[in-house]
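Enquirer: Could you have a look at this structure, given as structure tokens, before my questions?
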Amino acid sequence: ANLCSVQNDTSRRLLGVKLIEAFIVGRKAYVIECTSERIQHNMELAVVPESFCHLLQSAIRDQSSAVRTCAVASFGSLLVTDWVVLLSHGSFIGSASSLDWTRIDSILSMCTLNGERSGNVRAAACKAVGGICTVC
């Protein structure tokens, strides 16, 4: 019964998504810093898709626009290694037929008034699409 009350508490869901977003943004800044200093960073950082992306995918369908905003912003801060994992179905990564565009399609649909009522979410979704296009 206590778990249900947490799931129905918007402020806790928002806090959780903000924590994930802060981690992803911080990790991106770390990788950029390491790359600019020519330090080899560990590719274990690619574990993020398996750990957080299913939570973020649920969050972009949340009733709270603040939760949706943080979720799409988090997708916009993912690294290219994250997208390789997210876009592949596990067969051959280089094969165009094995790509899963579901997450990107859901973010793209949030960029329009027909797909999303909240202007803040639409703005975050458009910015996320730009981030995704930049890293991919």
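Enquirer: Being modelled with pLDDT under 85, among the basic types (Lys, Arg) and open to solvent by less than 30 Å² (accessible area, probe 1.4 Å) is the filter here; which residues of region 53-111 pass it?
Expert: none
Enquirer: Go through region 31-52 and give me each residue that's of a type in the set (Val, Ile, Thr) and either surrounded by fewer than 20 Cβ atoms within 10 Å (Cβ to Cβ) or modelled with pLDDT of 90 or more (or both). Please lay out each step first, then the result.
Expert: If we filter region 31-52 for residues that are of a type in the set (Val, Ile, Thr), which is where we start, we get 31-32, 35, 39, 47-48.
Matches in region 31-52: Val31, Ile32, Thr35, Ile39, Val47.
Enquirer: Counting just the residues of region 113-122 that are touching a residue at least 40 places away in the same chain (Cβ under 8 Å) and part of a helix (DSSP H, G or I), which one comes out surrounded by the most Cβ atoms within 10 Å (Cβ to Cβ)?
Expert: Val121
Enquirer: How many residues are in a helix (DSSP H, G or I) and exposed (fewer than 15 other Cβ atoms within 10 Å of the Cβ) when one looks only at region 7-24?
Expert: Step one: filter region 7-24 for residues in a helix (DSSP H, G or I), giving 7, 10-24.
Next, only the ones that are exposed (fewer than 15 other Cβ atoms within 10 Å of the Cβ) stay: 7, 10-12, 15, 19, 22.
Selection size over region 7-24: 7.
Enquirer: Does Phe23 satisfy the condition of being more than 16 Å from Val129 (Cβ to Cβ) and modelled with pLDDT of 85 or more?
Expert: Values: more than 16 Å from Val129 (Cβ to Cβ): yes; modelled with pLDDT of 85 or more: yes.
Yes; evaluated as a whole, the condition is true for this residue.
The values are calculated or read from the model by the stated rules, or taken from the named source; none is laboratory data. Here the structure is a predicted model, which means the values were calculated and not measured. All Cβ positions, even for glycine, are placed from backbone atoms using ideal geometry, and neighbour counts span all protein chains on display. In case anyone asks, the SASA skips ligands and DNA or RNA and just uses the protein heavy atoms, side chains included. Shrake-Rupley method; radii C 1.70, N 1.55, O 1.52, S 1.80 Å.
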